[in-house]
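The values are calculated or read from the model by the stated rules, or taken from the named source; none is laboratory data. Predicted model, so just to flag it, every value in this text is computed and none were measured. Methodologically, a virtual Cβ is constructed for each residue, glycine included, from the backbone with ideal geometry; neighbour enumeration extends over all protein chains shown.
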Amino acid sequence: MIREATVMDIPRINELGELLHENFSNLFKINEMLNDGYSKVIVYEKEDLIVGFISATLFYDTCDILSLVVDPNYRNKMVASNLITYLISEGGENLKLVTLEVATHNIPAINLYEKFGFEIVHTREKYYKDDDAYLMARKSE
Ligand SMILES: CC(C)(COP(=O)(O)OP(=O)(O)OC[C@H]1O[C@@H](n2cnc3c(N)ncnc32)[C@H](O)[C@@H]1OP(=O)(O)O)[C@@H](O)C(=O)NCCC(=O)NCCS
């Protein structure tokens, strides 16, 4: 089941987020995102376990994906794909641009985003501690 996150989900989201950034819970204040009116935090739940989540900001016609993580035991089962599809559908017809940053070595994620029509538009050097980042964008008419 895919649904909007609630405050009860925060510990598990932070646990998954630590797989992405060791300092995840300080960098991304999920509790604030749940209430700020422009962020989206969406979880994928399987048998009462959150196996993945995506977080993003949604302003007017633009969505910026901040984090996307799937539990290693549940990868390659379309969990991330379903989360992205859900997020994009939440944006509705007005959504014209979706952007994100991804580490240049992160081939699984780059492949995933390219499958959804994202293109590399810029390289941000030394964006991460150990890597550059691609800025990727997906435009719709
Ligand atoms: C990247 C990540 C979110 C993908 O999640 P997932 O649920 O396994 O992805 P899906 O099953 O929906 O995969 C869809 C597509 O992504 C690509 N992909 C996913 N895993 C891949 C891998 N290990 N190697 C190459 N391509 C991969 C493929 O194009 C795949 O399509 P295909 O199955 O038709 O080949 C997951 O590996 C993850 O959580 N990684 C760690 C966190 C991270 O890097 N997040 C992204 C930060 S920007």
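Restricting attention to region 56-78, the residues that are within 13 Å of the ligand (Cβ to nearest atom) and within 21 Å of Glu101 (Cβ to Cβ) add up to 9. Count of region 117-139 residues, restricted to those that are acidic (Asp, Glu) and either within 8 Å of the ligand (Cβ to nearest atom) or not in a loop (DSSP other than H, G, I, E, B) (or both), is 1.
Can you find, within region 97-111, the residue that is farthest from the ligand (Cβ to nearest atom) among those that are in a helix (DSSP H, G or I) and surrounded by 14 or more Cβ atoms within 10 Å (Cβ to Cβ)? Let's see the steps before the verdict.
Initial filter on region 97-111 (in a helix (DSSP H, G or I)): 107-111.
Retained after the next criterion (residues that are surrounded by 14 or more Cβ atoms within 10 Å (Cβ to Cβ)): 109-110.
Numbers: Ala109: 4, Ile110: 8 Å.
Here the residue is Ile110.
Would you say Val102 is in contact (Cβ under 8 Å) with a residue 12 or more places away in the chain, closer than 24 Å to Asn31 by Cα and not assigned by TED's automatic domain parsing to the domain that holds Met8?
Values: in contact (Cβ under 8 Å) with a residue 12 or more places away in the chain: yes; closer than 24 Å to Asn31 by Cα: yes; not assigned by TED's automatic domain parsing to the domain that holds Met8: yes.
Yes.
Here's a check for you: in region 84-96, which residue that is part of a helix (DSSP H, G or I) and closer than 18 Å to Glu114 by Cα is farthest from the ligand (Cβ to nearest atom)?
The initial filter retains those residues of region 84-96 that are part of a helix (DSSP H, G or I), namely 84-91.
Pick out the ones that are also closer than 18 Å to Glu114 by Cα and you get 84-89.
Values: Ile84: 8, Thr85: 9, Tyr86: 12, Leu87: 13, Ile88: 14, Ser89: 16 Å.
That would be Ser89.
Would you point out which residue out of Phe118, Phe59, Phe28, Phe53 is under 24 Å from Leu135 (Cα atoms), of a type in the set (A, V, I, L, M, F, W, C) and touching a His at 6+ places or on another chain (Cβ under 9 Å)?
Numbers: Phe118 fails: touching a His at 6+ places or on another chain (Cβ under 9 Å); Phe59 fails: touching a His at 6+ places or on another chain (Cβ under 9 Å); Phe53 fails: touching a His at 6+ places or on another chain (Cβ under 9 Å).
None of the others qualify; the one that does is Phe28.
The helices (runs of 4 or more DSSP H) located wholly in region 1-83 that include 1 or more residues which are out of contact with any Asp or Glu (no Cβ under 8 Å at 6 or more places or on another chain) and in contact (Cβ under 8 Å) with a residue 12 or more places away in the chain occupy 10-17, 30-33.
Close Cβ contacts (under 9 Å, 6 or more residues apart or on different chains) running from residues in region 125-141 that are surrounded by 13 or more Cβ atoms within 10 Å (Cβ to Cβ) to residues that are of a type in the set (Lys, Arg) and in a strand (DSSP E or B) comprise Asp132/Arg124; Ala133/Arg124; Tyr134/Arg124; Leu135/Arg124.
In this entry, Glu114 is excluded by the filter for residues that are in contact with a strand residue (DSSP E or B) (Cβ under 9 Å, 6 or more places away or on another chain), within 13 Å of the ligand (Cβ to nearest atom), under 17 Å from Phe24 (Cβ atoms) and not assigned by TED's automatic domain parsing to the domain that holds Asn26. Report yes if some residue within region 113-125 is small (Gly, Ala, Ser) and within 12 Å of the chain's Cα centre (by Cα); otherwise report no. The answer is no; no qualifying residue exists.
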